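Rule-based calculations on the coordinates, nothing more; no lab input. Source: prediction; values computed, not measured. Reconstructed Cβ throughout: ideal geometry from the backbone, glycine too, with neighbour counts over all protein chains shown.
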Amino acid sequence: MAILSLKNVTVKRVFYSGLGAEFVESFERNDGTPGEKKYSAFFDTPHGLSEGQVGNVSGLLSVKARLWERDGEPPVPMADIVLNSPRFEAAEGGGDDTPF
């Protein structure tokens, strides 16, 4: 099993009754345009995170393949990147740094 560690990610949204969070990693592409990668994380207990919070997160990596279906468009294969048993540490000055 692999452990994924991400630095300076932003909490994009909170879901699943406070047990899930989507983290976004922002970067600049080779052509200079902005890009982002999204990661879902599922906690064992409510995490208390809020949208916009920045910090570091790590967890056990899993990848789930699925077909993304849109109206009138052919299905597109994609992969959801998921962190299980994650730990979040708020960035300095970003509030409480207690790992969740």
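In which sequence would 80, 31 go, from the one with the fewest C-beta neighbours within 10 Å to the one with the most? Spell out each step's value before the answer.
Details: 80 13, 31 6.
Least crowded to most crowded, the residues run 31, 80.
Arrange 67, 19 by Cβ neighbour counts within 10 Å, fewest through most, would you?
Numbers: 67 9, 19 14.
Arranged by neighbour count, lowest to highest, 67, 19 become 67, 19.
Taking the Cα centre of the chain as the origin, how large is its charge dipole in debye, to the nearest 20, when only Lys and Arg (+1) and Asp and Glu (-1) carry charge on their Cβ atoms?
Values: 10 positive and 15 negative charges, 51 e Å.
Computed about the Cα centre, the dipole is about 240 debye.
Take 29, 13 and order them by how many other Cβ atoms sit within 10 Å, fewest up front. If you can, show how the numbers build up before the last one.
Numbers: 29 8, 13 13.
In increasing order of surrounding Cβ atoms, one gets 29, 13.
Which of the three applies to segment 3-90, rounded, prolate or oblate, going by the alpha-carbon gyration tensor with a ≥ b ≥ c and a/c under 1.5 meaning rounded? Each step should come with its number before you reach the end.
On the way: a/c = 1.82, a/b = 1.28, b/c = 1.42.
Taking the square roots of the gyration eigenvalues as a ≥ b ≥ c, segment 3-90 is oblate.
In the Gaussian network model of the chain, springs joining C-alpha atoms below 10 Å, which of 24, 63, 82 carries the largest mean-square fluctuation?
Maximum among the listed residues: 63.
Work out, step by step, the length gained on full extension between residue 30 and residue 51: first 0.36 nm times the residue separation, then minus their alpha carbon distance; give nm to one decimal.
Fully extending the segment from residue 30 to residue 51 adds 4.7 nm.
Pick from 59, 48, 18: which residue has the top mean-square fluctuation in a GNM of the chain where Cα pairs under 10 Å get a spring?
Ranking 59, 48, 18 by mean-square fluctuation puts 48 first.
Just want the answer: with Cβ charges of +1 for Lys and Arg and -1 for Asp and Glu, which residue in 30, 14, 42 is farthest toward the dipole's positive end in the chain?
It is 42.
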